[in-house]
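K.L.:
The structure's right below; bear with me while I get my questions together.
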Amino acid sequence: MPAPTYTEIERLLDGWRDWGLSLTGRPRVLAPVPGGRTNRNFRLSAPGLDHDLLLRLNHPDPARLGINRALEREILSATAGAGIGRAFGHWDPAGRFVLFPWLEARPWTAADLARPEQRERLWPRVEQLGKIELDWPTRSYHGYLMHYWRQLERAGGVDAALGVAWREFEPRLRSFDTAPWPARLVHHDLIPENILDAGQRLYLIDWEYAAPGHPDIDVWSVDPAAVAEPFVAEMMAWINDLWERLIAV
């Protein structure tokens, strides 16, 4: 996502009275928050509140990346209610941004996921996530990847070698979609940076790609050796590769 201009951010902050928060004055940007490739994040002051705010500037074309903001909003509410994620403070009706309370927490690194004692702290969150029920259809991974693939084709982003590999992979992906695996709510992007450690509690964040899906995907993110379905690793490699190609064109 391109970096927003100072004017764009200031224009959003001018609407602070419409946020429905107990603010006593106009927030100001304290610092950009590093990380995040889909959106841009900034820490804001919050006069009148007992905490700062996190301003997340949304990607301007979420549908291009397979993001459903209505589904994300419902998942944010459900996971916050279950104590897995953080609640949002304001959801911009125009979809330009979301406000969250600032959390004093440390994002994990790959070193955290490599430590068995840290994974033991995380597994209950993953298991708890699978118990949340949503009235949304199970993700079609074939449809999801076809959405990426067609955009890459139109942009001239498919070379001969990639085309050959896709034609071998695509029928197996279609078969995977129709197999009788049990769907559950899946984060789909459980990288270390999306795990915040507040000391006594872990928060999972960035739910844009979450949806009912295959339960082994989050397991693969935490500990690939624990995955029961071997196709998951291959499929996730395709999802990650096509995503990288798509944002580059």
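K.L.:
Once you place label points 7 Å from the Cα toward the Cβ at Ala82 and Trp123, how far apart are they in nm?
P.N.:
Here the answer is 1.8 nm between the modelled labels.
K.L.:
Which length gain, in nm to one decimal place, applies between Glu229 and Thr178 when the Cα-Cα distance is subtracted from 0.36 nm times their residue separation? Could you put the intermediate results ahead of the total?
P.N.:
Values: separation 51, 0.36 × 51 = 18.36 nm, distance 1.43 nm.
Length difference between fully extended and current span is 16.9 nm.
K.L.:
Now, a different point. By counting other Cβ atoms within 10 Å of each Cβ, how are Arg121, Arg167, Arg56 ranked from fewest to most?
P.N.:
Numbers: Arg121 14, Arg167 9, Arg56 23.
Sorted ascending by nearby Cβ count, the order is Arg167, Arg121, Arg56.
K.L.:
Can I ask one more? Suppose R0 equals 30 Å. What FRET efficiency, 1/(1 + (r/R0)^6) with r the Cβ-Cβ distance, do Ile247 and Phe169 give to the nearest 0.05? Kindly include the intermediate steps, with their values, before the conclusion.
P.N.:
Numbers: r = 21 Å, r/R0 = 0.69.
The pair Ile247/Phe169 has a calculated efficiency of 0.90.
K.L.:
Something else: I'd like the FRET efficiency for Ala160 and Arg64, computed as 1/(1 + (r/R0)^6) with the beta carbon distance as r and R0 of 30 Å, rounded to 0.05. Present the calculation step by step, with values, prior to reporting the outcome.
P.N.:
Details: r = 25 Å, r/R0 = 0.82.
The pair Ala160/Arg64 has a calculated efficiency of 0.75.
K.L.:
Residues with beta-carbon under 11 Å from that of Glu127, excluding Glu127: net charge, scoring Lys, Arg +1 and Asp, Glu -1? Mind showing how you got there, number by number?
P.N.:
Details: positive: Arg125, Lys131, Arg184; negative: Asp218.
In short, +2.
K.L.:
Can you give me the relative contact order of the chain as a percent, contacts being Cα pairs under 8 Å and 6 or more apart?
P.N.:
Details: 346 pairs, mean separation 44.2, N = 249.
So the answer I get is 18 percent.
K.L.:
A further question follows. Grab the Cα-Cα distance for Arg37 and Arg96, subtract it from 0.36 nm times how many residues apart they are, and report the gain in nm with one decimal.
P.N.:
On the way: separation 59, 0.36 × 59 = 21.24 nm, distance 1.58 nm.
Going from the current span to full extension adds 19.7 nm.
K.L.:
Let me ask another. Run the helix sum for the chain: -39,500 (n - 2.57) per DSSP H stretch of 4+ residues, divided by residue count, reported at 222 nm to the nearest 500 deg cm²/dmol.
P.N.:
Values: 8 runs with 98 residues, N = 249.
So the calculated ellipticity at 222 nm is -12500 deg cm²/dmol.
Just so you know, all these numbers are worked out from the coordinates, no wet-lab data involved. Since the structure is predicted, the reported quantities are computational estimates derived from the model, not experimental observations. Counting neighbours? That spans all protein chains shown, and the Cβs are built from the backbone with ideal geometry, glycine included.
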